[in-house]
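A short reminder: the numbers here are calculations on the coordinates, not readings from a lab. Small disclaimer: the values here were computed from a predicted structure and weren't measured. Note that we place each Cβ from the backbone using ideal geometry, even for glycine, and neighbour counts take in every protein chain shown.
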Amino acid sequence: MKKIAILASGNGSNAENIIKFFENNETVKVSMVITNNSKAFVLERAKKLNVPAIVFDNSNWKNGEIVLRFLKKNEIDFIVLAGFLRKIPESIVNAYPRRIINIHPALLPHFGGKGMYGDRVHKEVIINQEKETGITIHFVDADYDSGAIIFQAKCPVKPEDSVEVIAGKVHELEYKFYPQIIEQVVLS
Ligand code: GRF
C-alpha cells in the first residue's frame, strides 16, 4: 500500500475529490490531511470523510523537521499539495525527491511563483488577455512552481470571462485530472 499525505491550507475541494477517488483503492491510500491553518475548511471535509487531520502551525514550516519526522513515523510515501500556501521546507523536499506533487491553476511557466495563487492567477490571465489557461501538475522542488512538469490541460478563456468563470473551468480540469495523475505517479 502506498500512503499519501494531502497538504492543504484552505477550502479543500481538491483534497475531498482526491480522498473520494482513492476510497476503496487497494494499492493507494490517503492516510492523512495536514494543514498549516487551524481554520481551514479542509479540516471539516477530512472529518466528514474519516481521514485523520493534523494542524502544524506556521512555525513548524520554517525548517520542517517536526513535520518530516511525523511523515516518516507514519510511513508516508507521497505528499500531494492541494491549495497548500506555505513553501515546502528543503528538508522535506530532499527527503521526498519526485514524491511531492502540486497542482497550479494556470499553464506554468506562466502565472506562477510567489504570491501567485487562487484568484490572483486568474486575474492575471484576464489582464494579459490570454486566450487559454488551464492546470499544471508538477513535482515540487525548493522553489515556488518551478519543479518538473508532469501534466498540463487547457481550457479556453473568452474575452467576457470573469475570475469566477475561469476559476470554475480550471476547477473542473483539476477535479477531472488531478486524482488520476496522482495515481499514475504513485504507481509508476
Ligand atoms: C486550486 O485551484 C489549486 O489549483 C490551487 O489551490 C486551489 C485550491 O482549491 N493550488 P481547493 O482548496 O481545492 O478548493
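Quick one: putting +1 on the C-beta of Lys and Arg, -1 on the C-beta of Asp and Glu, what dipole do you get for the range 1-90 around its Cα centre, in Debye to the nearest 20?
Around 120 debye, computed over the range 1-90.
Roughly how far apart, in whole Å, are the Cα centres of the range 29-56 and the range 82-102?
So the two Cα centres are separated by 17 Å.
Could you tell me which of V55, I76, I66 has its Cα farthest along the dipole of the range 47-86 towards the positive end, charges placed at Cβ (Lys, Arg +1; Asp, Glu -1), taken about the Cα centre?
Ranked along the dipole, the leading option is V55.
By the scheme Lys and Arg +1, Asp and Glu -1, what is the net charge of all other residues having a beta-carbon under 14 Å from that of K72?
Neighbour charge sum, excluding K72 itself: +1.
If packing is taken as the mean number of other Cβ atoms within 10 Å per residue, what is the order of 50-63, 97-110, highest first?
97-110, 50-63
Report the FRET efficiency, 1/(1 + (r/R0)^6), for F41 and N94, where r is their Cβ-Cβ distance and R0 is 30 Å, rounded to 0.05.
0.45
In debye, nearest 20: dipole of the chain around its Cα centre with unit charges on the Cβ of K, R (+) and D, E (-)?
480
Shape of the range 1-105 from its Cα gyration tensor (a ≥ b ≥ c, root eigenvalues): rounded if a/c is under 1.5, otherwise prolate when a/b > b/c, or oblate?
Here the range 1-105 falls in the oblate category.
Explain nothing, just the number: relative contact order of the chain, from Cα pairs under 8 Å at least 6 residues apart, as a whole percent.
Dividing the mean separation by the residue count of the chain yields 20 percent.
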